[in-house]
Amino acid sequence: MDASIESRVDREVEAWLRWVPRWRPGTHRARSRLCQQCFGSPVLRAAGLDTDVPHAVQHPLSMRIKTLVDDEVETYTAQNLPLLNRELGLIELRRAAQSYHPLEGLGPEFDGVDLDAPPTELDEPYLFTFEEFAPPPSADDPELVPPPLSIEEKAALKVEMRLADDYATLVGKRVCAALRGHKPALQNAVATFVEPHVQALLADLGSTLDPHSS
Ligand SMILES: [Zn+2]
């Protein structure tokens, strides 16, 4: 792990600080479910944005920090955890191979029909054909389905998964420590750019609810 985690946190905080003056309360309906990323987030707590801050203001910071942590763990895994890295690579390949199947989900009336109509003029080929998007005949490409792991490999993989977890925790702690240093600036930005909009909204709501105020 290098010292760049702190400087990356600095950059993400700066980007958020540049964005927040442009924030306006949304007119769309509030989401009905709690955001998995923000609710109870230690990152937001370290940043001092965990209470009385609209979710739409919290969320971009949580996501920026999440991406940073994910990137750091990915790099660490690629450099130090060969078994886990290979497994993750295979999962990614399988997902990519399954992402688009033009023949799936069609009604039975399309069974056996050519994917593309025959081109009318030989001089005017299609820009692309659905055939090109279809996966190769065998989705169970032997390269994508490696032989099952031996007991030793499984044990080694478990160790690597724990190491990746430990590393993620370590990065999280460093990120939170760095964020605590930015807490005054972050809270100041909320007080300056967010709070006035929230107060105006509440005042509007108050005058709508109170028939005597108009
Ligand atoms: Zn969120």
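Reachable lysines from K173, Cα under 20 Å, same-chain residues fewer than 8 places away excluded? Cross-link targets: K66, K183.
Summarising the label geometry, the points placed 7 Å from Cα in the beta-carbon direction at D204 and E14 lie 3.4 nm from one another. Each Lys or Arg adds one and each Asp or Glu takes one away; over the other residues whose Cβ falls under 14 Å from the Cβ of K66, this sums to -3.
Our estimate of slack between Q79 and E153, defined as 0.36 nm per intervening residue step minus the Cα-Cα distance, is 24.8 nm. Working from label points 7 Å from Cα in the Cα-to-Cβ sense, the D165 to R180 distance is 2.5 nm. Applying the Karplus relation 6.51 cos²θ - 1.76 cosθ + 1.60 with θ = phi - 60° to region 52-63 yields 3J(HN,Hα) values of 6, 10, x, 4, 5, 8, 5, 4, x, 5, 4, 5 Hz, where x marks Gly and Pro. A convex hull fitted to the Cα coordinates of region 1-90 yields 136 cubic angstrom per residue. Seen from A191, the other residues with C-beta closer than 13 Å to its C-beta sum to a net charge of -1, counting Lys and Arg as +1 and Asp and Glu as -1.
Throughout, read-outs are computed from the coordinates displayed, never taken from laboratory work. Bear in mind the structure is a predicted one, so any value in this text is a computation, not a measurement. Using ideal geometry, Cβ is built from the backbone for each residue, glycine included, and neighbour counts are taken over all protein chains shown.
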